[in-house]
Amino acid sequence: MKKILKGARIIDPYSDIDEILDLLIVEDKIAAVEKNIDISEVEIIDLAGKIVTPGLIDMHVHLREPGYEYKEDIESGTRSAAAGGFTAVACMPNTNPPIDNAALIEYIKSRASKIGMVKVFPIGCVSKGMQGKEITEMGDMAKAGAVAFSDDGKPVAESGLMRKALLYSSMFDKVIIDHCEVPSLFENGQINEGAISTRLGLSGIPASAEEIMVARNILLAKELDARVHIAHISTRGSAQLVKRAKEEGIKITCEVTPHHLVLTEDAVLDYNTAAKVNPPLRTKDDVKALIDALRDGTIDAIATDHAPHCEDEKDVEFDKASFGILGLETALGIVLTYLVEREKIGINSIIEKMTKGPASILGLAAAGIEAGMPADITVIDPELEWVVDKNKLLSKSKNTPFNGWKLKGKAVMTIVDGKTVYR
(Lines give C-alpha, C1' and ligand atoms only; values in the text may rest on other atoms or scores of the structure.)
Protein backbone atom coordinates (compact mmCIF):
# COMPACT_ATOMS: atom_id res chain seq x y z
CA MET A 1 0.00 0.00 0.00
CA LYS A 2 1.44 3.33 -1.09
CA LYS A 3 0.22 6.86 -0.50
CA ILE A 4 1.60 10.33 -1.04
CA LEU A 5 0.82 13.16 1.37
CA LYS A 6 1.14 15.99 -1.13
CA GLY A 7 1.98 19.64 -0.73
CA ALA A 8 1.88 20.01 3.06
CA ARG A 9 4.13 22.16 5.21
CA ILE A 10 6.29 19.57 6.96
CA ILE A 11 7.54 20.55 10.41
CA ASP A 12 10.00 18.03 11.86
CA PRO A 13 11.80 18.97 15.10
CA TYR A 14 14.09 15.95 14.76
CA SER A 15 15.70 17.24 11.56
CA ASP A 16 14.74 20.93 11.76
CA ILE A 17 12.78 20.65 8.51
CA ASP A 18 10.16 23.34 7.89
CA GLU A 19 9.33 23.17 4.21
CA ILE A 20 6.55 22.37 1.74
CA LEU A 21 7.28 18.83 0.57
CA ASP A 22 5.65 15.57 -0.47
CA LEU A 23 5.80 12.52 1.76
CA LEU A 24 5.64 8.97 0.37
CA ILE A 25 4.44 6.19 2.64
CA VAL A 26 4.98 2.56 1.64
CA GLU A 27 3.34 0.02 3.95
CA ASP A 28 4.31 1.08 7.52
CA LYS A 29 7.34 3.23 6.71
CA ILE A 30 8.17 6.64 5.29
CA ALA A 31 9.81 5.93 1.92
CA ALA A 32 10.68 9.44 0.71
CA VAL A 33 10.38 13.11 1.68
CA GLU A 34 11.07 15.45 -1.22
CA LYS A 35 9.53 17.90 -3.64
CA ASN A 36 7.05 16.78 -6.30
CA ILE A 37 7.09 13.03 -5.83
CA ASP A 38 5.52 11.52 -8.94
CA ILE A 39 4.95 7.77 -9.11
CA SER A 40 2.16 5.61 -10.45
CA GLU A 41 -0.32 3.36 -8.65
CA VAL A 42 -0.41 5.38 -5.45
CA GLU A 43 -3.13 7.07 -3.39
CA ILE A 44 -2.62 10.82 -3.48
CA ILE A 45 -3.85 12.87 -0.54
CA ASP A 46 -3.83 16.60 -1.25
CA LEU A 47 -2.73 18.43 1.90
CA ALA A 48 -2.16 21.93 0.55
CA GLY A 49 -2.52 24.39 3.43
CA LYS A 50 -2.09 21.66 6.03
CA ILE A 51 0.81 20.94 8.39
CA VAL A 52 2.39 17.50 8.66
CA THR A 53 4.38 16.64 11.79
CA PRO A 54 5.82 13.54 13.41
CA GLY A 55 3.08 11.81 15.38
CA LEU A 56 2.23 13.70 18.56
CA ILE A 57 3.17 11.96 21.82
CA ASP A 58 1.32 12.46 25.11
CA MET A 59 3.56 11.32 27.95
CA HIS A 60 0.94 11.63 30.70
CA VAL A 61 -2.41 9.90 30.17
CA HIS A 62 -4.77 7.95 32.42
CA LEU A 63 -6.37 5.13 30.42
CA ARG A 64 -7.98 3.75 33.62
CA GLU A 65 -7.56 0.09 32.60
CA PRO A 66 -7.48 -2.21 34.52
CA GLY A 67 -10.12 -1.56 37.15
CA TYR A 68 -11.81 1.70 36.19
CA GLU A 69 -13.09 0.84 32.71
CA TYR A 70 -16.36 2.66 33.42
CA LYS A 71 -14.36 5.93 33.11
CA GLU A 72 -12.10 4.98 30.20
CA ASP A 73 -10.32 1.96 28.76
CA ILE A 74 -7.49 1.33 26.33
CA GLU A 75 -9.83 1.18 23.34
CA SER A 76 -11.77 4.38 24.08
CA GLY A 77 -8.74 6.26 25.36
CA THR A 78 -6.62 5.51 22.32
CA ARG A 79 -9.52 6.36 20.01
CA SER A 80 -9.71 9.72 21.79
CA ALA A 81 -5.94 10.10 21.40
CA ALA A 82 -6.11 9.44 17.67
CA ALA A 83 -8.83 12.09 17.29
CA GLY A 84 -6.55 14.53 19.09
CA GLY A 85 -3.67 13.87 16.72
CA PHE A 86 -1.64 11.65 19.05
CA THR A 87 0.04 8.56 17.62
CA ALA A 88 1.42 7.45 21.00
CA VAL A 89 0.56 7.83 24.67
CA ALA A 90 2.28 6.84 27.90
CA CYS A 91 -0.23 5.58 30.46
CA MET A 92 0.04 6.18 34.19
CA PRO A 93 -0.11 3.23 36.62
CA ASN A 94 -2.72 4.42 39.16
CA THR A 95 -5.19 1.74 38.07
CA ASN A 96 -6.86 -1.03 40.11
CA PRO A 97 -4.70 -2.97 40.72
CA PRO A 98 -1.84 -0.51 40.22
CA ILE A 99 0.62 -1.36 37.45
CA ASP A 100 3.42 -2.40 39.81
CA ASN A 101 4.77 -5.60 38.27
CA ALA A 102 5.96 -7.04 34.96
CA ALA A 103 2.80 -9.08 34.40
CA LEU A 104 0.65 -5.94 34.38
CA ILE A 105 3.09 -4.12 32.07
CA GLU A 106 2.76 -7.06 29.68
CA TYR A 107 -1.04 -6.98 30.06
CA ILE A 108 -1.19 -3.31 29.04
CA LYS A 109 1.06 -3.92 26.04
CA SER A 110 -0.93 -6.97 24.96
CA ARG A 111 -4.29 -5.20 25.25
CA ALA A 112 -2.98 -2.15 23.40
CA SER A 113 -1.61 -4.27 20.55
CA LYS A 114 -5.02 -5.91 20.12
CA ILE A 115 -7.46 -3.05 20.55
CA GLY A 116 -5.43 0.17 20.74
CA MET A 117 -5.77 2.76 17.99
CA VAL A 118 -2.37 4.30 18.80
CA LYS A 119 0.86 3.11 20.41
CA VAL A 120 0.72 2.72 24.20
CA PHE A 121 3.82 2.91 26.41
CA PRO A 122 3.14 1.77 29.99
CA ILE A 123 4.61 3.50 33.03
CA GLY A 124 5.20 1.34 36.10
CA CYS A 125 4.75 2.21 39.76
CA VAL A 126 7.64 3.41 41.92
CA SER A 127 6.25 1.72 45.04
CA LYS A 128 4.36 -1.55 45.45
CA GLY A 129 0.62 -0.90 45.40
CA MET A 130 1.43 2.84 45.26
CA GLN A 131 1.65 2.64 49.04
CA GLY A 132 4.91 4.58 49.26
CA LYS A 133 6.56 1.95 51.45
CA GLU A 134 8.44 -0.59 49.34
CA ILE A 135 10.13 -0.14 45.98
CA THR A 136 8.86 -2.16 43.00
CA GLU A 137 10.88 -4.57 40.85
CA MET A 138 11.78 -1.88 38.35
CA GLY A 139 14.22 -4.12 36.49
CA ASP A 140 11.53 -6.67 35.71
CA MET A 141 9.12 -3.96 34.58
CA ALA A 142 11.77 -2.23 32.45
CA LYS A 143 12.51 -5.55 30.76
CA ALA A 144 8.77 -6.05 30.16
CA GLY A 145 8.47 -2.64 28.49
CA ALA A 146 7.93 0.05 31.14
CA VAL A 147 9.28 3.35 29.79
CA ALA A 148 9.34 5.18 33.13
CA PHE A 149 8.22 4.90 36.77
CA SER A 150 5.75 7.01 38.73
CA ASP A 151 3.22 6.86 41.54
CA ASP A 152 1.29 9.61 39.76
CA GLY A 153 -1.83 10.60 41.60
CA LYS A 154 0.38 10.45 44.68
CA PRO A 155 3.83 11.88 45.34
CA VAL A 156 6.75 9.69 46.32
CA ALA A 157 6.53 11.42 49.69
CA GLU A 158 9.16 9.51 51.69
CA SER A 159 12.54 10.92 50.71
CA GLY A 160 14.45 7.75 51.52
CA LEU A 161 12.23 5.77 49.18
CA MET A 162 12.63 8.37 46.44
CA ARG A 163 16.41 8.22 46.83
CA LYS A 164 16.39 4.42 46.48
CA ALA A 165 14.06 4.67 43.48
CA LEU A 166 16.41 7.10 41.73
CA LEU A 167 19.40 4.86 42.37
CA TYR A 168 17.55 1.80 41.11
CA SER A 169 15.93 3.42 38.05
CA SER A 170 19.30 4.85 36.99
CA MET A 171 20.59 1.30 36.58
CA PHE A 172 18.05 0.83 33.78
CA ASP A 173 18.30 4.38 32.39
CA LYS A 174 14.64 5.06 33.19
CA VAL A 175 13.27 8.32 34.50
CA ILE A 176 11.22 8.79 37.67
CA ILE A 177 8.16 10.98 37.07
CA ASP A 178 7.00 12.60 40.30
CA HIS A 179 3.66 14.16 41.14
CA CYS A 180 5.02 16.90 43.39
CA GLU A 181 3.09 17.72 46.54
CA VAL A 182 3.79 17.61 50.25
CA PRO A 183 0.88 15.57 51.67
CA SER A 184 0.70 17.50 54.95
CA LEU A 185 0.36 20.79 53.02
CA PHE A 186 -2.19 19.33 50.61
CA GLU A 187 -4.43 17.84 53.31
CA ASN A 188 -8.09 18.10 52.24
CA GLY A 189 -7.11 20.83 49.78
CA GLN A 190 -9.59 21.56 46.99
CA ILE A 191 -8.31 24.53 44.98
CA ASN A 192 -5.42 27.00 44.94
CA GLU A 193 -4.96 28.71 48.30
CA GLY A 194 -5.81 32.40 48.02
CA ALA A 195 -8.63 34.89 47.85
CA ILE A 196 -10.90 32.60 45.84
CA SER A 197 -10.52 29.63 48.20
CA THR A 198 -11.38 31.97 51.07
CA ARG A 199 -14.35 33.43 49.19
CA LEU A 200 -15.71 29.95 48.33
CA GLY A 201 -15.00 28.53 51.78
CA LEU A 202 -12.88 25.73 50.33
CA SER A 203 -9.63 24.36 51.75
CA GLY A 204 -6.68 25.75 49.84
CA ILE A 205 -3.59 24.09 48.37
CA PRO A 206 -0.59 26.43 48.68
CA ALA A 207 2.04 26.77 45.98
CA SER A 208 4.61 25.63 48.54
CA ALA A 209 3.00 22.16 48.60
CA GLU A 210 4.35 21.68 45.08
CA GLU A 211 7.52 23.75 45.29
CA ILE A 212 8.99 22.06 48.37
CA MET A 213 8.73 18.66 46.68
CA VAL A 214 10.19 20.02 43.43
CA ALA A 215 13.15 21.38 45.43
CA ARG A 216 13.66 18.03 47.19
CA ASN A 217 13.67 16.16 43.90
CA ILE A 218 16.19 18.57 42.43
CA LEU A 219 18.52 18.07 45.41
CA LEU A 220 18.28 14.28 45.11
CA ALA A 221 18.83 14.39 41.35
CA LYS A 222 21.92 16.54 41.88
CA GLU A 223 23.35 14.34 44.61
CA LEU A 224 22.84 11.09 42.68
CA ASP A 225 23.34 12.44 39.15
CA ALA A 226 19.97 10.82 38.38
CA ARG A 227 17.08 11.81 36.11
CA VAL A 228 13.87 13.23 37.57
CA HIS A 229 10.86 14.48 35.63
CA ILE A 230 8.39 16.86 37.26
CA ALA A 231 4.81 16.13 36.23
CA HIS A 232 2.26 18.89 35.52
CA ILE A 233 4.23 21.89 36.85
CA SER A 234 1.83 24.62 37.97
CA THR A 235 3.55 27.50 39.81
CA ARG A 236 6.00 30.30 39.11
CA GLY A 237 8.22 29.04 41.94
CA SER A 238 8.42 25.54 40.47
CA ALA A 239 9.38 26.92 37.06
CA GLN A 240 12.11 29.05 38.65
CA LEU A 241 13.49 26.07 40.58
CA VAL A 242 13.66 23.93 37.45
CA LYS A 243 15.29 26.71 35.44
CA ARG A 244 18.04 27.19 38.04
CA ALA A 245 18.58 23.44 38.30
CA LYS A 246 19.02 23.16 34.53
CA GLU A 247 21.51 26.02 34.59
CA GLU A 248 23.52 23.94 37.09
CA GLY A 249 23.42 20.93 34.78
CA ILE A 250 21.11 18.85 36.98
CA LYS A 251 19.20 16.15 35.09
CA ILE A 252 15.75 17.61 35.61
CA THR A 253 12.91 17.87 33.10
CA CYS A 254 9.30 18.99 33.44
CA GLU A 255 5.98 19.10 31.64
CA VAL A 256 3.01 21.46 31.61
CA THR A 257 -0.62 20.79 30.76
CA PRO A 258 -2.69 22.88 28.36
CA HIS A 259 -5.18 23.63 31.15
CA HIS A 260 -2.47 25.09 33.39
CA LEU A 261 -1.43 27.35 30.49
CA VAL A 262 -4.85 28.85 29.75
CA LEU A 263 -7.01 28.55 32.88
CA THR A 264 -6.69 30.27 36.23
CA GLU A 265 -8.31 29.67 39.60
CA ASP A 266 -11.17 31.89 38.38
CA ALA A 267 -12.45 28.83 36.47
CA VAL A 268 -13.67 27.25 39.73
CA LEU A 269 -15.89 30.18 40.65
CA ASP A 270 -19.50 29.06 41.06
CA TYR A 271 -18.06 25.75 42.32
CA ASN A 272 -17.33 24.51 38.82
CA THR A 273 -16.16 20.93 39.41
CA ALA A 274 -15.19 20.54 35.72
CA ALA A 275 -12.19 22.75 36.56
CA LYS A 276 -11.21 20.85 39.71
CA VAL A 277 -7.78 19.40 39.02
CA ASN A 278 -4.63 18.37 40.88
CA PRO A 279 -2.38 20.33 40.95
CA PRO A 280 -5.01 23.07 41.11
CA LEU A 281 -5.42 25.88 38.63
CA ARG A 282 -3.31 28.76 39.92
CA THR A 283 -3.11 32.54 39.49
CA LYS A 284 -2.67 34.75 36.42
CA ASP A 285 0.91 35.33 37.52
CA ASP A 286 1.56 31.59 37.59
CA VAL A 287 0.06 31.15 34.11
CA LYS A 288 2.27 33.94 32.77
CA ALA A 289 5.32 32.34 34.35
CA LEU A 290 4.51 28.96 32.82
CA ILE A 291 4.09 30.50 29.36
CA ASP A 292 7.44 32.28 29.79
CA ALA A 293 9.04 28.99 30.91
CA LEU A 294 7.65 27.27 27.83
CA ARG A 295 8.98 30.06 25.65
CA ASP A 296 12.50 30.00 27.11
CA GLY A 297 12.87 26.22 27.06
CA THR A 298 12.60 25.55 30.79
CA ILE A 299 9.57 23.34 30.13
CA ASP A 300 10.43 20.28 28.05
CA ALA A 301 7.03 18.86 27.14
CA ILE A 302 3.33 19.60 26.85
CA ALA A 303 1.32 16.70 28.29
CA THR A 304 -2.42 16.48 28.85
CA ASP A 305 -2.76 14.59 32.15
CA HIS A 306 -5.92 13.22 30.47
CA ALA A 307 -7.98 12.21 33.54
CA PRO A 308 -11.43 10.82 32.72
CA HIS A 309 -14.14 10.69 35.40
CA CYS A 310 -17.78 9.72 35.07
CA GLU A 311 -20.59 12.18 35.73
CA ASP A 312 -21.36 10.71 39.15
CA GLU A 313 -17.83 11.61 40.28
CA LYS A 314 -17.94 15.17 38.97
CA ASP A 315 -21.54 16.38 39.24
CA VAL A 316 -21.49 16.41 43.05
CA GLU A 317 -20.60 18.81 45.86
CA PHE A 318 -17.22 20.41 45.16
CA ASP A 319 -15.35 18.83 48.06
CA LYS A 320 -16.60 15.38 47.03
CA ALA A 321 -15.80 15.75 43.33
CA SER A 322 -12.83 13.91 41.81
CA PHE A 323 -9.79 15.81 40.56
CA GLY A 324 -9.18 15.68 36.82
CA ILE A 325 -9.79 17.09 33.33
CA LEU A 326 -9.98 15.43 29.92
CA GLY A 327 -7.23 16.53 27.57
CA LEU A 328 -6.54 14.33 24.55
CA GLU A 329 -9.03 15.83 22.09
CA THR A 330 -8.69 19.48 23.09
CA ALA A 331 -4.93 19.84 23.71
CA LEU A 332 -3.81 20.65 20.18
CA GLY A 333 -6.60 23.14 19.55
CA ILE A 334 -5.90 24.92 22.83
CA VAL A 335 -2.16 25.29 22.30
CA LEU A 336 -2.57 26.40 18.68
CA THR A 337 -5.26 28.94 19.60
CA TYR A 338 -3.80 30.37 22.79
CA LEU A 339 -0.05 29.84 22.56
CA VAL A 340 0.64 30.09 18.83
CA GLU A 341 -2.08 32.56 17.79
CA ARG A 342 -2.28 34.75 20.90
CA GLU A 343 1.05 34.37 22.68
CA LYS A 344 3.03 34.18 19.42
CA ILE A 345 5.08 31.18 20.50
CA GLY A 346 6.49 29.59 17.34
CA ILE A 347 4.54 26.58 16.14
CA ASN A 348 7.84 24.73 15.60
CA SER A 349 8.58 25.03 19.32
CA ILE A 350 5.10 23.82 20.27
CA ILE A 351 5.39 20.80 17.96
CA GLU A 352 8.78 20.00 19.48
CA LYS A 353 7.22 19.97 22.98
CA MET A 354 4.61 17.47 21.77
CA THR A 355 6.94 15.15 19.81
CA LYS A 356 10.70 15.15 20.28
CA GLY A 357 10.50 16.53 23.84
CA PRO A 358 8.42 13.74 25.39
CA ALA A 359 10.17 11.09 23.25
CA SER A 360 13.54 12.19 24.60
CA ILE A 361 12.36 12.15 28.23
CA LEU A 362 10.91 8.65 27.90
CA GLY A 363 13.84 7.30 25.90
CA LEU A 364 11.73 6.47 22.86
CA ALA A 365 13.40 5.90 19.50
CA ALA A 366 13.64 8.95 17.25
CA ALA A 367 10.68 9.04 14.88
CA GLY A 368 11.18 12.03 12.62
CA ILE A 369 9.95 12.54 9.10
CA GLU A 370 12.61 10.92 6.98
CA ALA A 371 13.00 7.83 4.83
CA GLY A 372 13.08 4.60 6.81
CA MET A 373 11.24 5.95 9.85
CA PRO A 374 7.89 4.51 11.02
CA ALA A 375 4.99 6.27 9.30
CA ASP A 376 3.60 7.85 12.49
CA ILE A 377 2.18 11.12 11.21
CA THR A 378 -0.11 13.90 12.42
CA VAL A 379 -1.85 16.15 9.88
CA ILE A 380 -3.03 19.51 11.21
CA ASP A 381 -5.36 22.08 9.67
CA PRO A 382 -4.14 25.29 11.36
CA GLU A 383 -7.09 27.32 10.01
CA LEU A 384 -9.92 24.97 10.98
CA GLU A 385 -12.25 26.67 13.46
CA TRP A 386 -14.31 24.41 15.69
CA VAL A 387 -16.27 24.41 18.92
CA VAL A 388 -15.65 21.93 21.72
CA ASP A 389 -18.77 19.84 22.32
CA LYS A 390 -18.25 17.48 25.23
CA ASN A 391 -21.02 15.20 23.98
CA LYS A 392 -19.06 14.58 20.77
CA LEU A 393 -15.79 13.69 22.49
CA LEU A 394 -14.76 10.07 21.94
CA SER A 395 -13.70 9.51 25.54
CA LYS A 396 -16.13 7.55 27.71
CA SER A 397 -16.12 10.50 30.14
CA LYS A 398 -17.12 14.10 29.47
CA ASN A 399 -15.36 16.07 32.23
CA THR A 400 -13.98 19.09 30.41
CA PRO A 401 -14.01 22.77 31.38
CA PHE A 402 -13.59 23.65 27.70
CA ASN A 403 -17.13 22.77 26.59
CA GLY A 404 -18.33 25.50 24.20
CA TRP A 405 -14.86 26.99 23.63
CA LYS A 406 -14.13 28.16 20.09
CA LEU A 407 -10.73 26.94 18.94
CA LYS A 408 -8.65 27.35 15.80
CA GLY A 409 -6.51 24.45 14.62
CA LYS A 410 -7.21 20.73 14.74
CA ALA A 411 -5.77 17.36 13.79
CA VAL A 412 -7.58 16.21 10.66
CA MET A 413 -5.68 12.97 10.06
CA THR A 414 -3.66 10.64 12.29
CA ILE A 415 -1.53 7.87 10.80
CA VAL A 416 0.07 5.09 12.87
CA ASP A 417 2.52 2.70 11.16
CA GLY A 418 1.14 3.76 7.80
CA LYS A 419 -2.49 3.09 8.77
CA THR A 420 -4.95 5.97 8.94
CA VAL A 421 -6.56 5.66 12.39
CA TYR A 422 -8.40 9.00 12.32
CA ARG A 423 -9.57 11.20 9.47
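The values are calculated or read from the model by the stated rules, or taken from the named source; none is laboratory data. These figures come from a predicted structure and were not determined experimentally. As a convention, Cβ positions derive from the backbone with ideal geometry for all residues, glycine included, and neighbour counts pool all protein chains shown.
Listed residues Arg111, Arg9; which is surrounded by fewer than 22 Cβ atoms within 10 Å (Cβ to Cβ) and touching a helix residue (DSSP H, G or I) at 6+ places or on another chain (Cβ under 7 Å)? Please lay out each step first, then the result.
On the way: Arg9 fails: touching a helix residue (DSSP H, G or I) at 6+ places or on another chain (Cβ under 7 Å).
The conditions single out Arg111.
Scanning for something crowded, with 23+ Cβ neighbours inside 10 Å, under 14 Å from Ile302 (Cα atoms) and among the β-branched types (Val, Ile, Thr), does the stretch 231-250 turn up at least one residue? Scanning the stretch 231-250 turns up at least one residue that is crowded, with 23+ Cβ neighbours inside 10 Å, under 14 Å from Ile302 (Cα atoms) and among the β-branched types (Val, Ile, Thr). Would you confirm whether or not the stretch 358-376 contains a residue that is touching a residue at least 24 places away in the same chain (Cβ under 8 Å), in contact with a helix residue (DSSP H, G or I) (Cβ under 8 Å, 6 or more places away or on another chain), closer than 25 Å to Lys3 by Cα and crowded, with 23+ Cβ neighbours inside 10 Å? Yes, the stretch 358-376 has at least one match. Any residue in the stretch 226-237 that is of a type in the set (S, T, N, Q), within 21 Å of Arg295 (Cβ to Cβ) and at pLDDT 95 or above? Yes, the stretch 226-237 contains at least one residue that is of a type in the set (S, T, N, Q), within 21 Å of Arg295 (Cβ to Cβ) and at pLDDT 95 or above. Condition (residue is buried (at least 19 other Cβ atoms within 10 Å of the Cβ), closer than 30 Å to Trp386 by Cβ and within 22 Å of the chain's Cα centre (by Cα)) applied to the stretch 166-185: is it met by at least one residue? The answer is no; no qualifying residue exists.
In this structure, does Leu24 turn out to be in contact (Cβ under 8 Å) with a residue 24 or more places away in the chain and surrounded by 17 or more Cβ atoms within 10 Å (Cβ to Cβ)? Working first, answer last.
On the way: in contact (Cβ under 8 Å) with a residue 24 or more places away in the chain: no; surrounded by 17 or more Cβ atoms within 10 Å (Cβ to Cβ): yes.
So Leu24 does not fit the description; no.
Give the residues of the stretch 231-253 that are of a type in the set (A, V, I, L, M, F, W, C) and farther than 27 Å from Ala321 by Cα, sorted by residue number. Within the stretch 231-253, Ala239, Leu241, Val242, Ala245, Ile250, Ile252 qualify.
For Glu210, are the conditions met, namely being assigned by TED's automatic domain parsing to the domain that holds Met130, in contact with a Ser or Thr (Cβ under 7 Å, 6 or more places away or on another chain), acidic (Asp, Glu) and touching a residue at least 12 places away in the same chain (Cβ under 8 Å)? Spelling it out, Glu210 is indeed assigned by TED's automatic domain parsing to the domain that holds Met130, in contact with a Ser or Thr (Cβ under 7 Å, 6 or more places away or on another chain), acidic (Asp, Glu) and touching a residue at least 12 places away in the same chain (Cβ under 8 Å). Can you pull out the residues in the stretch 377-418 that are aliphatic (A, V, I, L, M), touching a residue at least 60 places away in the same chain (Cβ under 8 Å) and in a loop (DSSP other than H, G, I, E, B)? Those that are aliphatic (A, V, I, L, M), touching a residue at least 60 places away in the same chain (Cβ under 8 Å) and in a loop (DSSP other than H, G, I, E, B): Leu393, Leu394.
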